[in-house]
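Below is one structure; the comments refer to it alone.
The values are calculated or read from the model by the stated rules, or taken from the named source; none is laboratory data. These numbers come from a predicted model, not from an experiment. Every residue, glycine among them, receives a Cβ derived from its backbone with ideal geometry; neighbour counts consider all protein chains shown.
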Amino acid sequence: MYDILKSMEEQELLQFIADYGYWIMVPLMAIEGPVVTILAAFLASLGTFNIVVVFALSVMGDILGDILWYWAGRLWGMGFVHHVGKYVGITESLVKKMEKFFGRHGGKTIFAVKSTTGLCWATFIAAGIVKMPFGRFVWYSFLGGIFWSAFLVSMGYFFGEFYQEIAQKIKYAGWIILAIAIVVFIGINMYKKKKADKIINE
């Protein structure tokens, strides 16, 4: 079942998710949502998990991670950015930019940054710093999480289905899927960076 990822560094994580099941997904998805969601969806395509449950847990984990960043900003403000931000790529200038963007566009900013690189954490911290109503924050996080998780789950499930289709016919099916996954991953990150630049420069 796991031949496809023998040469990928996520192999141990894939095995870990398969071994420990649903209960471990939410905390892992809160930490590294995209990777864990794609791997869990891949396993779902092979019959290990239920795809609907994986999707629901992905949304939950995504929202949980957002909430943690929000409360970090709300409770500790710029102090958190100064002491912790440098370790996760969050700077004071980036947070201030997102505060201004947040002030102009309100809650839809939370929705918009879900699929961007680097901006989501800074935006969630900024939302906490300006004390955006918590219920409103969670609502927009939920809406964005539905679309982002649906995309990630679909991608992981597609890779699993595609692998099963060609595994019996092509000896190096795993390598082919890996190459496609790398190309898709690079494409997604290029799109995310372009979208992030557009938001910052708006």
**Complete:** Reported set for segment 20-45 where residues are among the hydrophobic types (A, V, I, L, M, F, W, C) and either surrounded by fewer than 17 Cβ atoms within 10 Å (Cβ to Cβ) or under 17 Å from Ile146 (Cα atoms) (or both) is Trp23, Ile24, Met25, Val26, Met29, Ala30, Ile31, Val35, Val36, Ile38, Ala40, Ala41
**Prompt:** Checking Ser58 against (1) assigned to a helix (DSSP H, G or I); (2) at pLDDT below 80; (3) small (Gly, Ala, Ser), which single condition isn't satisfied?
**Reply:** (2)
**Item:** Odd one out for Ser141, checked against (1) of a type outside the set (Asp, Glu); (2) within 23 Å of Leu28 (Cα to Cα); (3) free of Cβ contacts under 8 Å to residues at least 60 places away in the same chain
**Value:** (3)
**Message:** If I go through segment 19-53 residue by residue, how many of them are touching a Gly at 6+ places or on another chain (Cβ under 8 Å) and in contact (Cβ under 8 Å) with a residue 60 or more places away in the chain?
**Reply:** 11
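So that you can scan it fast, the table gives a plain yes or no per residue for (1) surrounded by fewer than 19 Cβ atoms within 10 Å (Cβ to Cβ); (2) at negative phi; (3) under 19 Å from the mean Cα position of the chain (by Cα); (4) not polar (S, T, N, Q):
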{"site": "Met78", "(1), (2), (3), (4)": "yes, yes, no, yes"}
{"site": "Tyr87", "(1), (2), (3), (4)": "yes, yes, yes, yes"}
{"site": "Leu94", "(1), (2), (3), (4)": "no, yes, no, yes"}
{"site": "Phe102", "(1), (2), (3), (4)": "no, yes, no, yes"}
{"site": "His105", "(1), (2), (3), (4)": "yes, yes, no, yes"}
{"site": "Thr123", "(1), (2), (3), (4)": "no, yes, yes, no"}
**Prompt:** Which condition number in (1) at pLDDT 85 or above; (2) over 19 Å from the mean Cα position of the chain (by Cα) is the one that Gly65 fails?
**Reply:** (2)
**Item:** Verdict on Gly85 being within 21 Å of Glu32 (Cβ to Cβ), without any contact (Cβ under 8 Å) to a residue 60 or more places away in the chain and touching a helix residue (DSSP H, G or I) at 6+ places or on another chain (Cβ under 8 Å)
**Value:** yes
**Request:** Identify all residues within segment 129-143 that are surrounded by fewer than 24 Cβ atoms within 10 Å (Cβ to Cβ) and in a helix (DSSP H, G or I); write none if there are none.
**Result:** Ile129, Phe134, Gly135, Arg136, Phe137, Val138, Trp139, Tyr140, Phe142, Leu143
**Asked** With respect to Thr109, is the statement that it is in contact with a Phe, Trp or Tyr (Cβ under 7 Å, 6 or more places away or on another chain), at pLDDT below 85 and more than 30 Å from Tyr163 (Cα to Cα) true?
**Response** yes
